[in-house]
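Read the structure below first, then the notes.
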Amino acid sequence: MTDEHKMFRESVRKFFKNELVPNLPKWREQGVVDQDFWLKAGQAGLLSSAIPEAYGGYGADCGFEAIIAQEQMSVGDNCWAWSIHSICTHYILAFCSDDQKARWLPKLATGEFIPALCMSEPVAGSDLQALQTYAAEDGAGYRISGSKTFISNGQSANFLIVAAKTGRPVRGTDITLFALSTDELAGFERGRRLKKIGLPGQDTSELFFDQVFVDRSNVVGEPGQGFRLLMNQLPWERLIIALGAVGYSDLMMRETITYVKARRAFQKRLMDFQNTRFKLAECQTKLEVTRAFVDKCVEEMIGGSLTNASASMAKWWAAQVQCEIADECLQLHGGYGYIFDYPIAHAYADSRIQQIYGGSREIMKELIARTIDV
Ligand SMILES: Cc1cc2nc3c(=O)[nH]c(=O)nc-3n(C[C@H](O)[C@H](O)[C@H](O)COP(=O)(O)OP(=O)(O)OC[C@H]3O[C@@H](n4cnc5c(N)ncnc54)[C@H](O)[C@@H]3O)c2cc1C
């Protein structure tokens, strides 16, 4: 970490402590983050580190975003889907023209645009080539029809990146990405906010498109190249998840160490039982080994050398370690660990999805195996 990174980390910590943590109970209850929080985050510089100065950001390396990803989870945030903002911003930065960047990046930097990344569908999750949403060419643009599900920020988003098939006959990888603002978007509808076992403050939702017209100028990259673009950006998405796993594991360890020092049984502190000490030693070791690998991946990401396989290893491993730590730490809390008054209960419920979204653990292993079986 450079001195700039360290200073940024301090300001992020302060922002989360003052502006985010006090709101978590309310957001969990309402199932969605207040829209004005996005604007506050924009003002505090949490949405623009990757965005060049010309478009309202400060064009810094992705180490700054890595700090946000980790710090966010180390305060137990299970509401604000910041990661989706970062991922969508990276798509625009990597594949859009200067005109498109000028249209979208300034509003992403301020938080006026709340983004959603619309890939998954009822029939297509891991198997993205099975997408059925179709964008038919129509004059100066396309008409998109289809349904998306599991979309983070689904109720609050006003800026979407949508993956749709464009080839006829429909071929597996003939996918195009579209970026669109939802203002006055005829034919676009939001469906249910899905009830989940964790991440209660995230408005994960269904979205529907019925002949939604989008201009050609809204195509991200080249038509038909969307699958390649998605594959290109997945390492960053996976690294963010791994960073969040390290951050959340830090929180679980802190909470559990405090708890076992305070709780007594059989005239001893829980901390004095050898089982407790060994379990915590095992968890701390797993966490530090994971942190070292994830930090190495961040360095590689900054240097432009992070491979798909390393990002997959980081995502799979860190998510698994997070779930193992959640399980052990909940156990050490006894019955109180099962009650949402205690952060470990949320951490346990929130952790499980880490092994599924952004590419399931099985898909991660498949990607790693491909680099072994050459
Ligand atoms: C809270 C939440 C937020 C989400 N946010 C978003 C979002 O913002 N945008 C978005 O587009 N999507 C989002 N998703 C969707 C998420 O990315 C998918 O759930 C995930 O990719 C898995 O797809 P699926 O659920 O269709 O499972 P499936 O693909 O049906 O997989 C089911 C099981 O089969 C296994 N499997 C599938 N293929 C293989 C294979 N080849 N080899 C071995 N095993 C295999 C999987 O690993 C899994 O265990 C979100 C999901 C959740 C729950």
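The values are calculated or read from the model by the stated rules, or taken from the named source; none is laboratory data. What you see is a predicted model; the values in this text were computed from it and never measured. Every residue, glycine as well, gets a Cβ built from its backbone with ideal geometry; the counts of neighbours run over all protein chains shown.
Among (1) closer than 30 Å to Leu24 by Cα; (2) touching a residue at least 40 places away in the same chain (Cβ under 8 Å); (3) away from the ligand (no atom under 15 Å from the Cβ), which single condition is Thr173 missing?
Result: Thr173 passes all but (1).
Kindly indicate whether any position in region 300-316 is under 23 Å from Lys279 (Cβ atoms) and of a type in the set (Ser, Thr, Tyr).
No, that holds for no residue.
Pick out, from region 114-176, the strands (runs of 3 or more DSSP E) lying fully within it that include 2 or more residues that are within 22 Å of the chain's Cα centre (by Cα) and surrounded by fewer than 24 Cβ atoms within 10 Å (Cβ to Cβ).
Filter on region 114-176 gives 141-151.
Can you name every residue in region 196-212 that is over 14 Å from the mean Cα position of the chain (by Cα) and of a type in the set (D, E, K, R)?
Across region 196-212, the qualifying residues are Lys196, Glu206, Asp210.
Examine region 231-252 for a residue that is loosely packed, with under 15 Cβ neighbours inside 10 Å and either within 30 Å of Phe16 (Cα to Cα) or not β-branched (Val, Ile, Thr) (or both), and state whether such a residue exists.
For region 231-252, residues loosely packed, with under 15 Cβ neighbours inside 10 Å and either within 30 Å of Phe16 (Cα to Cα) or not β-branched (Val, Ile, Thr) (or both): present.
Inside region 324-347, can you point out the residues that are of a type in the set (A, V, I, L, M, F, W, C) and surrounded by fewer than 20 Cβ atoms within 10 Å (Cβ to Cβ)?
Ile339, Phe340, Ala345
Would region 352-365 turn up any residue that is more than 19 Å from the chain's Cα centre (by Cα) and at pLDDT 95 or above?
There is at least one residue in region 352-365 that is more than 19 Å from the chain's Cα centre (by Cα) and at pLDDT 95 or above.
Scan (1) within 12 Å of the ligand (Cβ to nearest atom); (2) closer than 24 Å to Gly304 by Cα for the single condition Phe95 breaks and write down its number.
The one condition Phe95 does not meet is (1).
Conditions: (1) more than 19 Å from Leu230 (Cα to Cα); (2) within 16 Å of the ligand (Cβ to nearest atom). Ala124 meets all but one. Number of the miss?
Evaluating Ala124 over (1) more than 19 Å from Leu230 (Cα to Cα); (2) within 16 Å of the ligand (Cβ to nearest atom) leaves (1) as the failure.
Taking interchain pairs and intrachain pairs at least six residues apart, which have beta carbon atoms under 7 angstrom, with the first residue in region 44-65 and farther than 13 Å from Glu4 by Cβ and part of a loop (DSSP other than H, G, I, E, B) and the second aromatic (Phe, Trp, Tyr) and at pLDDT 95 or above?
Within 7 Å, the pairs are Ala44/Phe15; Leu46/Phe15.
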